[in-house]
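Peer 1: What follows is a single structure, and I will ask about it in a moment.
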Amino acid sequence: MKLELTLNGRPCVTEAPGHWTVLDLLRDGLNLMGTKYGCGEGVCGTCTVLADGRPIRACLVLAAHVRGRALVTVEGLERDGRLDPLQTSFAERGAAQCGFCTPGMLLAAKALLAQNPAPTVDDVREALAGNLCRCTGYTKIVDAVLAAAPGAR
Amino acid sequence: MRLYPFDLVEPDTLPAALDALSPLDGEARLVAGGTALVPMIRLGLVKPDRVISLHRLPELAEVRRDGGTLQLGAMARLADIDTAPTVREGWPLLAEAARRVATPAIRVSGTIGGNLCYAEAASDPAPALLCLEAEVRVAGAAGGRTVPVVDFFRGFYETALAPGEIVTAIRVPATPAGARSGYVKFTSRSAEDRPLVGVAALVVRDSSGRWDDVRIGLGGVAPTPIRAPRAEAVLRGEAPGDATLRAAAEAAAREAEPLSDLMGSADYRREMIRVWVRRLLTSLRDGARSA
Ligand SMILES: Cc1cc2nc3c(=O)[nH]c(=O)nc-3n(C[C@@H](O)[C@@H](O)[C@H](O)COP(=O)(O)OP(=O)(O)OC[C@H]3O[C@@H](n4cnc5c(N)ncnc54)[C@H](O)[C@@H]3O)c2cc1C
Ligand code: FES
Ligand code: FES
């Protein structure tokens, strides 16, 4: 099956079998390894990417369902060699330890900040509720997102 | 891990979708958002030869008011139902329940039609739709039919759909004037879990404060989402004091048929029905919530 979409700001024309998910397309079809496979059941959130600015579970959504849409993966967060403010904030505040949850956390947070530039702690916790981290205990992740919020004081 | 390989069919009209579903060779499944179907395939619970996607049928995705009725296309996403001003203003109970499903990313993909057709007992929107007395529009090779939501759930993960049928829309009658409503979801482990117990309620008071219309819907407490007619009967015509509310919660706990699973035992579920039915009804009585 032929697929045309926008991937990290660039047009992308590719092929994928009909039973592939977005995660299969990214990792196996396009060799983008930033998006992780954790549970495969929609629970852990490490496969989160953005489709038209909204978070989706790459492990649950069929590749055919992102035809014509704009996908953003963790590889697409940096611009002209500069990290996204969220990435810098995560690095500076120790919000990544093993890093396995980090791509999903960053994209779920990116979607939140695009929609709500000045979130409260509760807003951040709710937006990240579906992203599990087995290392950090979440506090530093929430701090890092709040610090990167464009509307933060 | 890859999915069991299937052929994906992407019809762009409803008749073509019905055609793709009808041949009897092999197993065919519809996919809407895929948030329920994909894990089922991955876990090997279903092995369809053919998966028919509904994503190219834009008429199935609409969320619009039609006179007093809310028309929800089967492909309306839970996230869109939660945020649509039409729904928030006219059907706040449904918006509240849709917002409690799982996590943001699941709501962005998951559809209302998929939620009902999956027929999980622990659905968040189902108790709200039961209270709102919604109807399900179904299309089949032989034509269309309408099934009240209360008759749509037939058993554990079982619906009234016949093979080859597709849910096209959900029609929700107007929320009664002056109604107070609310949805509470109790989870025993983590906020984004499915409900251990979900309670939706809608009440309308007459001028003397008596409840002349009382509707209670429950999720997670029986093989399917259910209404709680005995609890409703305890309250109908009453201006309920605390004792009456407690009696209604007790009736709800008795008419439920909870199962035990990893989230909680049947006894614990029954106890949580008592607690959450009473708390929700108390807050509706005291005006802490309104529609
Ligand atoms: C991690 C996780 C957490 C979840 N938590 C919750 C929760 O808290 N509360 C809750 O209510 N739900 C929860 N769910 C269930 C969630 O999958 C549903 O709420 C969702 O709405 C299903 O919609 P879908 O479009 O993704 O369905 P799909 O997966 O596309 O389809 C589900 C089933 O319905 C059939 N189907 C779909 N559309 C139609 C149609 N129009 N006509 C006929 N048949 C159809 C499919 O063939 C399939 O069998 C959760 C799911 C996951 C993965
Ligand atoms: S791998 Fe997709 S949610 Fe866990
Ligand atoms: S940093 Fe290891 S899982 Fe989050």
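Peer 1: Could you tell me what % of all Cα pairs in region B:227-291 have separations over 19 Å?
Peer 2: Across region B:227-291, Cα pairs with separations above 19 Å total 33 percent.
Peer 1: Relative to the Cα centre, what is the charge dipole magnitude of region A:1-88, using +1 at the beta carbon of each Lys and Arg, -1 at the beta carbon of each Asp and Glu, and rounding to the nearest 20 debye?
Peer 2: Charge dipole of region A:1-88: 140 debye, to the nearest 20.
Peer 1: On to the next question. Return the calculated 222 nm mean residue ellipticity for chain A, to the nearest 500 deg cm²/dmol, obtained by summing -39500 (n - 2.57) across DSSP H runs with n ≥ 4 and dividing by the residue count.
Peer 2: Mean residue ellipticity, 222 nm, calculated: -7500 deg cm²/dmol.
Peer 1: Run the numbers for B:Glu238 and B:Leu43: contour at 0.36 nm per residue of separation, minus the present Cα-Cα distance, in nm.
Peer 2: Residue separation times 0.36 nm, minus the Cα-Cα distance, leaves 65.3 nm.
Peer 1: Taking only protein heavy atoms into account and a 1.4 Å probe, give the accessible area per residue of region B:181-285 in Å².
Peer 2: That works out to 41 Å² per residue.
Peer 1: Plugging the Kirkwood radius over Cα pairs into Stokes-Einstein for region A:85-148, at a temperature of 4 °C and a viscosity of 1.567 mPa s, what D comes out in µm²/s?
Peer 2: 115 µm²/s
Peer 1: If the cut-off is a Cα-Cα distance under 26 Å, which lysines reach A:Lys110, setting aside same-chain residues fewer than 8 apart in sequence?
Peer 2: A:Lys36, A:Lys140
Peer 1: Extending each Cα 7 Å along its Cβ direction at B:Thr69 and B:Ala266, get the distance between those two points in nm, one decimal.
Peer 2: About 3.9 nm, to one decimal.
Peer 1: Name the residue from A:Gly68, A:Val43, A:Val22 whose Cα lies farthest towards the positive end of the charge dipole of region A:17-90, charges +1 on Cβ of Lys and Arg and -1 on Cβ of Asp and Glu.
Peer 2: Toward the positive end, the furthest listed residue is A:Gly68.
Peer 1: Need the per-residue list for region B:89-130: every residue with at least 50 Å² less accessible surface in the complex of protein chains than in the chain by itself, probe 1.4 Å, sorted by number.
Peer 2: For region B:89-130, once contacts with the other chains are taken into account, B:Pro104, B:Ala105, B:Val108 lose 50 Å² or more.
Peer 1: Still on this structure, I have one more. Any chance you could run the full-extension gain for B:Ala142 through B:Ala177? It's 0.36 nm times the residue separation minus the Cα-Cα distance, nm to one decimal.
Peer 2: 8.9 nm
Peer 1: Take the solvent-accessible surface of the protein heavy atoms, probe 1.4 Å, and return the percent of it on the protein assembly as shown that carbon and sulfur atoms account for.
Peer 2: Here carbon and sulfur together make up 49 percent of the probe-accessible area.
Peer 1: Then there's this: Enumerate the amide H contacts of A:Thr48 below 5 Å, restricted to partners 5 or more residues apart or on another chain; note that Pro and chain-start residues carry no placed amide H.
Peer 2: A:Ala58, A:Gly104
Peer 1: Oh, and also: Run the dipole for chain A about the Cα centre, Lys and Arg Cβ at +1, Asp and Glu Cβ at -1, nothing else charged, and hand back the magnitude in debye, nearest 20.
Peer 2: That gives chain A a dipole magnitude of about 60 debye.
Peer 1: Please compute the modelled spin-label separation between B:Glu27 and B:Ala191, points set 7 Å along Cα→Cβ, answer in nm with one decimal.
Peer 2: Spacing of the two 7 Å Cα→Cβ label points: 3.7 nm.
Peer 1: Let me know the charge dipole size of the protein assembly as shown about its Cα centre in debye, to the nearest 20, where only the beta-carbon of Lys, Arg (+1) and Asp, Glu (-1) is charged.
Peer 2: 840 debye
Peer 1: Could you give me the radius of gyration and the Dmax of chain B, taking only the C-alpha atoms into account and expressing both in angstrom?
Peer 2: 19.2, 63
Peer 1: While we're looking at this one, here's another question. Taking amide H positions as placed in the peptide plane 1.01 Å from N, state which residues far from B:Leu196 in sequence (5 or more) or on other chains have amide H under 5 Å from it.
Peer 2: Distant-sequence amide H within range of B:Leu196: B:Phe186, B:Thr187, B:Ser188.
Peer 1: Roughly how much accessible area, to the nearest 100 Å², goes out of reach of solvent when A and B pair up, both sides summed, probe 1.4 Å?
Peer 2: Buried: approximately 2300 Å² between B and A.
Peer 1: Follow-up question, since we're still on this one. Given 20 Å bins starting at zero, what is the percent of C-alpha pairs of the protein assembly as shown in each, up to the one with the largest pair distance?
Peer 2: Calculated P(r), rounded to whole percents: 25, 54, 20, 1.
Peer 1: Let me ask another. Please give the per residue accessible area of region A:85-148, computed with a probe of 1.4 Å over protein heavy atoms only, in Å².
Peer 2: Per residue, region A:85-148 has 46 Å² of solvent-accessible surface.
Peer 1: Select from region B:53-67 all residues whose loss of accessible area on going from the chain by itself to the full protein assembly reaches 40 Å² or more (probe 1.4 Å).
Peer 2: Residues shielded by partner chains are B:His55.
Peer 1: Sticking with this structure for a sec: Which of the GluC sites (Glu not before Pro) across region B:1-65 are loop residues per DSSP, with 13 or fewer other Cβ within 10 Å?
Peer 2: Here the GluC sites (Glu not before Pro) that fit, given the DSSP loop and packing criteria, are B:Glu27.
Peer 1: Any idea what log10 I(q)/I(0) is at q = 0.14, 0.19, 0.22 Å⁻¹ for region A:30-153, Debye with uniform C-alpha scatterers and no solvent?
Peer 2: -0.55, -1.03, -1.39
Peer 1: Give, ordered by residue number, each residue of region A:62-76 whose 1.4 Å probe accessible area is reduced by a minimum of 50 Å² on adding the remaining protein chains to the chain alone.
Peer 2: Output list: A:Leu62, A:His65, A:Arg67.
Peer 1: Which whole number gives the average count of other chain Cβ atoms within 10 Å of the Cβ atoms across peptide A:122-131?
Peer 2: So the per-residue partner count for this stretch is 3.
Peer 1: Apply the a/c threshold of 1.5 to the C-alpha gyration tensor of region B:62-196 and tell me whether it is rounded, prolate or oblate.
Peer 2: oblate
Peer 1: Using a 1.4 Å probe, what is the accessible area per residue for region B:1-103, in Å²?
Peer 2: 43 Å²
Peer 1: What's the long-distance tail for region B:149-285, i.e. % of Cα pairs beyond 18 Å?
Peer 2: 57 percent
The values are calculated or read from the model by the stated rules, or taken from the named source; none is laboratory data. Computed from a predicted model, the values in this text were never measured in an experiment. Because the Cβ atoms are built from the backbone with ideal geometry, glycine has one as well, and the counts that use them run over all protein chains shown. To get the accessible areas, we keep the full protein, side chains included, count just its heavy atoms, and leave off ligands, DNA and RNA. Shrake-Rupley method; radii C 1.70, N 1.55, O 1.52, S 1.80 Å.
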